[in-house]
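Encoded as C-alpha cells, the structure appears first; notes follow it.
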Amino acid sequence: MACIGSSRLCAHVEKLCQYGHFTQLRRKVSTTTCAKSRPVDSRPSGALLKHCQNKTNTQDSRIGLARATSTMQTQMPGPLPDYQIDPYRLIEDDLKDMFDDIRLELINNTTQEELQPISTYYLDGQGKAVRPMLTILMARAINYHKGRNVLSHSQRQIAMISEMIHAASLLHDDVIDMSDFRRGKPSVNVVWSQKKVAMAGDYVLATACMMLSKIKNDEVTITISQIVTDLVQGEFMQLGSKETENERFAHYLTKTYLKTASLIANCVKAVTILSEADDRMIEMAYQYGRNVGLAFQLVDDLLDFVASSAALGKPTAADLKLGLATAPVLFACERYPELNAMIMRRFQEPGDVEKAFELVHESNGLEQTRFLARKHCAEASKIAQSFSKSAYQKALIIMADLVINRMK
Ligand code: FPP
Ligand code: MG
C-alpha cells in the first residue's frame, strides 16, 4: 500500500490536531538556544517541518538547574522574574505529603493486608508526579486569577485522584502488557499474580471514586469519570489497528488523547470548575491540559526509540515489541513504505522490530514527532500566557517546556 503524500499527511495531521497557527514563543525563562537546522536530506513532511524551531536539548537538566538556582519562596504568588521559578519548588508544600496521604487512604480503606502493598506499589513518590503538579499549578493559577491565594481541599483531592487514576491504570496496563520493569524496579505483575494486581487496580480506582464523591460537585464528578471511560477506550483502541495511513494517524491521535491527554485535560478542568471560573476559562484550562497531554505522550513515544532503558526505568522499543505503531513509525512510513506491511502484522515476524527500529532512525520520523509535540506545547504555552500573570501561570508555561525536553 502506497504511503500517503507528505503534504497530505501534514494537512491531515494539522486538521486532526485542530491547531492554530504555530506561534513562535519567546520565553524569557528558556535557556534554550536555536540550533542550526539539521541537514535533512529529504523532507517527506516538508510543510510539517517547515516552521520547526530545531531547539537543542541544552535544557535537559532544566529541572535540576532550576532546583539548584531557585530562590523562590514556596506558596508566594504574583509576578516574579521567570528565571527564578522552579515549578517543583513552587508547589513543594502542596506536594510534600501528597503521597503519604494517598497511601493512608489506600491503607485505611481495606482490611485485606496484601492489598496495601500492591495498591501502593506505584504510589511510592518515585514517579514524576506530572499529573498532580499540573493540576495544582492550574488550580493555583486560576485561583490567583480569581483573587484567591489558597489551594482548596477539594482541588488538592483532585490532584491526589489524578495520580491514583494514573496508578490504577498502570496496574492494569502492566498486566495487559506483561511488563517486566517500571520505574527502575520489577513491574507489579512480576511481584504479584495478575489476578491480585488487576483487583488492586480496581481498588485504587474505587478509593479514588470515594474521594471524588466526597467533593460533592456533579460537574467535577462527571469530568473525572470521563477520564476512566476514556482510558479504557484508549486501551481498547490500542488493541486494534487501521488499514490506511489516514485512518491510522487519526486512530493514533484519538487513542493518544484518550489514553493520556484526557487525564491531564480533565483534571485541570476539574480544579478550574472548583475555582468557580467561567466557561471560557474552564475551556482554556482543558485545552492547556489536552495539548500538554498530547505532547507528553508524543514525547513518550519518541523516547521509546531514543532513550536508554536505564534512563527510562523501563525497556525501550517496547511499543514495537507490543506490536504498536506510534508516531515515529507512522511518520517513517512516508519514506519507507515497507513499514506498512510490518505495521499490519504488528511487527510479529522475526526481525520486524529490529528493522522497523532501524528505519525509524533513518527516517525523519523522530524529528517529525518532536515537531508535533513541540507544536502542542507551544499551543499550551500560548493558552497559559493568556492567564493572569503569576508565578503559577509562568510555571505552567515552564511545565510545557519541560514536557518537550524531558529525558525520561
Ligand atoms: C500506559 O501506556 C498505560 C496507560 C497510559 C493507560 C492504561 C489504561 C488502562 C489499562 C485502562 C484501565 C484503566 C483504569 C483506570 C483501571 P503504555 O503501555 O504505552 O506505557 P508504559 O510503557 O509506561 O507501560
Ligand atoms: Mg505498558
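The values are calculated or read from the model by the stated rules, or taken from the named source; none is laboratory data. For clarity, every value in this text was computed on a predicted model and none was experimentally measured. Here Cβ is always computed from backbone atoms with ideal geometry, including for glycine, and neighbour counts include all displayed protein chains. With ligands, DNA and RNA removed, areas are computed over all heavy atoms of the protein, side chains included. Shrake-Rupley method; radii C 1.70, N 1.55, O 1.52, S 1.80 Å.
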Distribution of pairwise C-alpha distances over segment 230-322, 10 Å bins, in %: 16, 36, 32, 13, 2
For peptides 389-397, 227-235, sequence by mean Cβ density within 10 Å, most packed first: 389-397, 227-235
Mean shadow area of segment 329-384 over all directions, Cα convex hull, nm²: 4.3
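For segment 224-267, just run the numbers: alpha carbon Rg, then divide by 2.2 N^0.38 Å, N being how many residues it has.
Numbers: Rg = 10.8 Å, N = 44, 2.2 N^0.38 = 9.3 Å.
Cα Rg divided by the expected 2.2 N^0.38 Å: 1.17.
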Directionally averaged projected area (convex hull, Cα atoms, segment 158-290), nm²: 9.3
Orientation-averaged projected area, Cα convex hull of segment 121-199 (nm²): 5.7
Tail beyond 21 Å, pair distance distribution of segment 284-370 (Cα, percent): 31
Globularity index of segment 247-398, i.e. its alpha-carbon radius of gyration over 2.2 N^0.38 Å: 1.19
Rounded to the nearest 10 Å², the accessible area of Leu104 at probe 1.4 Å: 90
Separation in nanometres of the label points that stand 7 Å from Cα toward Cβ, at Asp100 and Glu354: 5.1
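Provide, for segment 290-408, the number of lysine pairs with alpha carbons under 21 Å apart, each pair being eight or more places apart or on different chains.
Taking the Cα cut-off of 21 Å, the pair count is 6.
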For segment 88-133, the fraction of alpha-carbon pairs in successive 5 Å shells from zero, as %: 5, 21, 30, 19, 13, 9, 3, 1
Square roots of five times the Cα gyration tensor eigenvalues for segment 354-399, Å: 35, 9, 5
